[in-house]
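To keep things clear, I will list the structure first and then write my remarks on it.
The values are calculated or read from the model by the stated rules, or taken from the named source; none is laboratory data. Note that the structure is predicted; figures quoted are calculated from it, not measured. Virtual Cβ from ideal backbone geometry, glycine too; neighbours counted across all protein chains shown.
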Amino acid sequence: MTGPELTMILRTLLGDLVGTYTDPDLGPAATRPAISYGELPASVVATGLEAHVDDVPEIESSPGYRHELTLARSWTVYLVEHDGTPAGRLQSAAERVVASFRTSSPRRVPGDERLGIRNQILVTITDR
């Protein structure tokens, strides 16, 4: 599975839970669902729940039979609460992702307003 493929799966899985991205540089009507892959332009603003797939996976190698090498890629999915996220939405999204990928592990990052950190859950999905 590639990062763009994972992003397409998440669009189907989380489409009814995510908020929106707005890009003021493209005009007030330029909005789209807040699910992304890779780097976003600095002008993009998220409202509601955001799902973002990191564009560089972690790579693990495992020796196999007769010195064959098996590579596994792990993608990090950031589920982030922005202004306008309804209560319980972050938890619901994390549960859907974890239930859909057997090789996933979630990690909660508590918010800290003083530091500007939003509540989020990082889900690592390994492609084996």
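Listed residues GLY84, GLY64; which is small (Gly, Ala, Ser), touching a residue at least 60 places away in the same chain (Cβ under 8 Å) and either more than 23 Å from PRO4 (Cα to Cα) or loosely packed, with under 12 Cβ neighbours inside 10 Å (or both)?
Of the residues listed, the single one that is small (Gly, Ala, Ser), touching a residue at least 60 places away in the same chain (Cβ under 8 Å) and either more than 23 Å from PRO4 (Cα to Cα) or loosely packed, with under 12 Cβ neighbours inside 10 Å (or both) is GLY84.
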Considering only residues of the range 96-128 that are among the β-branched types (Val, Ile, Thr) and assigned to a helix (DSSP H, G or I), which is nearest to ARG11 (Cα to Cα)? VAL97
Return the residues of the range 67-81 that are surrounded by 14 or more Cβ atoms within 10 Å (Cβ to Cβ) and not hydrophobic (A, V, I, L, M, F, W, C); say none if nothing qualifies. ARG73, SER74, THR76, TYR78, GLU81
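Considering each residue of the range 23-71, count those that are modelled with pLDDT of 80 or more and not in a strand (DSSP E or B), and give that number.
17
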In this structure, does THR2 turn out to be modelled with pLDDT under 95, under 14 Å from ILE125 (Cβ atoms), out of contact with any helix residue (DSSP H, G or I) (no Cβ under 7 Å at 6 or more places or on another chain) and not small (Gly, Ala, Ser)? yes
For THR12, are the conditions met, namely being hydroxyl-bearing (Ser, Thr, Tyr), surrounded by 12 or more Cβ atoms within 10 Å (Cβ to Cβ) and either touching a Pro at 6+ places or on another chain (Cβ under 8 Å) or at pLDDT 90 or above (or both)? no
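Looking at the range 77-95 only, could you name the residues that are part of a helix (DSSP H, G or I) and more than 12 Å from the chain's Cα centre (by Cα)?
Scanning the range 77-95 gives ARG89, GLN91, SER92, GLU95.
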